[in-house]
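A short worksheet on the structure shown next.
Quick note: the coordinates plus some simple rules give every number you see, no bench work behind them. Computed from a predicted structure; not experimentally measured. Positions of Cβ are backbone-derived with ideal geometry, glycine not excepted, and every protein chain shown enters the neighbour counts.
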Amino acid sequence: MKIGIDKIGFATAQYMLDMNDLAHSRGAEPEKFSKGLLLQALSIAPITEDIITLGASAAEKMLTQDDKENIDMIIVATESGVDQSKAAAVYIHHLLGIQPFARSIEMKEACYSATAALDYAKLHIGKNPDSKVLVIASDIAKYGIGTPGESTQGAGSIAMLLTKDPAILVLQDQSLALTRDIMDFWRPNYSTTPFVNGMYSTKQYLDMLKTSWDEYQKRFNKSLADFAAFCFHIPFPKLALKGFNKILDKSLPEAIKEKLKDNFEQSILYSQQIGNIYTGSLFLGLLSLLENSTKLQGGDQIAMFSYGSGAVAEIFTGTLAEGFQQQLSKGQDRMQELRQRIPLSVEDYERIFFENALLDENGSASFAEYKTGIFALREIFEHQRIYQKVTVNEK
Ligand code: HMG
């Protein structure tokens, strides 16, 4: 049975920070961010937007009523969850109005877990061929004001509907995972921002890429020439480019190398405007590739490198379905949507991105009005987060 991605939805925050403004304010040369990291802007989420509102918005944009009646599992992959106990998927199940007989869970391993979620979804559909599974990768990447990681923040969510006979990408069975117990990036329960060994993390990313790709090729007798494109986890686009150059086989014919290079460039377009969205970053790269490449066709194989600090990496692959383009937006429309985000001054970014809920003695808080996507966090009432659909007039 063919199982894979039938639909992809995307949501990001409605505010953005221009990297040139950040550079000026931090006394850095703008080229450090534009050329050194290949970043142009970051999405900035206000307090009324979180992984639940972003995840629900990404899914709502793509689901039909029929999908909602047939989804029987929702998996939210995240490392910026809002509760240690209750899964974000339970809130999202309610906000989307999905039929009640569903399993709703949250999965974690830094930026990697959405890849494990896809595999779980695939196994579930293998046993229950008529079921549809909603996988949501949703995160807000926050390192802190003036930290080295500040320039690689971001916010966004990718929703994927997994079904049999999918319209976009058939997931293949061959995959290879790699685990190393390392301290490159981690966030203990008592901290709102991660601890990061930045340079070490980039070295590990590249080394785990090389190690897993070498082993994948050996085990499955594959080479880069078998693939039309290679998508990477994109903490910032320059690191993905370094990864691409590391695996690019110089002995390949020029035409194949050019196609892979061009497809790589299409895969980083959205991340350059949004920043790191952790669990969703690899799939934002896939979406950017599929919506912008003119060089892909049904039957093409795509390789993917998933990386989550700590660390777990995986190489997995998919085959494009015939007519996959019909299920996707046009790249220029997506870029237009991104241009409509509200630009923030650095001062406003510092205030809005790092605002904390001021709880009263009953554990309640209300917030100023901010622009959000389809759903918003309205208030915290006695320690409970209250979400609502945003009405047309408010938008
Ligand atoms: P930094 O201080 O910006 O580093 O920190 P830098 O001084 O090395 O500069 C960055 C690049 O800009 C360098 O390029 C400079 O040469 C260049 P490179 O040498 O590496 O090619 N540069 C310039 N280029 C042109 N003109 C100039 C100029 N000045 C400098 N004038 C760092 C960078 C990534 C360490 C930092 O942003 C950070 O700590 N980020 C967070 C950690 C991170 O993203 N790690 C990536 C791997 S780990 C991962 O992917 C997992 C993750 O997503 C989390 C998860 O799994 O949950 C993060």
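A few remarks follow.
- 5 Å-binned pair-distance histogram of the stretch 116-166 (Cα, whole percent): 5, 19, 20, 13, 10, 10, 9, 8, 5, 2
- The chain - share of DSSP beta bridges that are antiparallel (%, nearest 5): 75 percent
- Calculated over the stretch 1-66: convex hull of Cα atoms, volume per residue (Å³): 127 Å³
- Counted charge near ASP21, where neighbours are those whose Cβ lies closer than 11 Å (Asp, Glu -1; Lys, Arg +1): -2
- Across the chain, Cα pairs under 8 Å and at least six residues apart give a relative contact order of 25 percent.
- Fewest neighbouring Cβ atoms within 10 Å first, the residues LEU290, LEU252, LEU63 line up as LEU252, LEU63, LEU290.
- At q = 0.11, 0.18, 0.19 Å⁻¹ the log10 of I(q)/I(0) for the stretch 109-203 amounts to -0.47, -0.95, -1.00, computed by Debye summation with a single uniform scatterer per C-alpha, solvent ignored.
- Where N is the number of residues in the chain, Cα Rg divided by 2.2 N^0.38 Å: 0.94
- P(r) of the stretch 38-137 over all Cα-Cα pairs, binned every 5 Å from zero, in whole percent: 2, 13, 23, 23, 20, 10, 5, 3, 1
- Under conditions of 20 °C and 1.002 mPa s, the stretch 300-350 yields 142 µm² s⁻¹ as its translational diffusion coefficient, taking Rh as the Kirkwood radius over Cα pairs in the Stokes-Einstein equation.
- For the stretch 288-372: rounded, prolate or oblate by the Cα gyration tensor [a/c cutoff 1.5]: prolate
- Student exercise, the stretch 172-321 dipole from Lys, Arg, Asp, Glu Cβ charges, in Debye to nearest 20: 320 debye
- Dipole of the stretch 172-321, positive end: most advanced residue of PHE283, LEU224, ILE247 [Cβ charges, Cα centre]: ILE247
- Counting every other Cβ atom within 10 Å of each residue's Cβ, MET16, MET160, MET107 order from fewest to most as MET107, MET16, MET160.
- Centre-to-centre, using Cα atoms only, the stretch 26-83 and the stretch 230-287 are separated by 19 Å.
- Shape of the stretch 97-143, Cα gyration tensor, a/c cut at 1.5: oblate
- The peptide list 278-284, 385-391, put in order of mean Cβ contacts within 10 Å with the highest first, becomes 278-284, 385-391.
- Each 5 Å bin from 0 upward holds the following percent of the Cα-Cα pairs of the stretch 209-337: 2, 10, 22, 24, 21, 13, 5, 1, 0.
- The residues MET208, MET335, when put in order of fewest to most other Cβ atoms within 10 Å, stand as MET335, MET208.
- For the chain, adding -39500 (n - 2.57) for each run of n ≥ 4 DSSP H residues and dividing by the number of residues yields -10000 deg cm²/dmol at 222 nm.
- Candidate cross-link partners of LYS132 among the lysines, defined by an alpha-carbon separation under 24 Å and a same-chain spacing of 8 or more, comprise LYS2, LYS7, LYS61, LYS68, LYS86, LYS108, LYS122, LYS164, LYS389.
- Of all lysines in the structure, those lying under 18 Å Cα to Cα from LYS295, and not within fewer than 8 positions of it along the same chain, are LYS257, LYS259, LYS261, LYS330.
- Using the Cβ of GLN153 as centre and a radius below 12 Å, the other residues enclosed give a net charge of -2, where K and R count +1 and D and E count -1.
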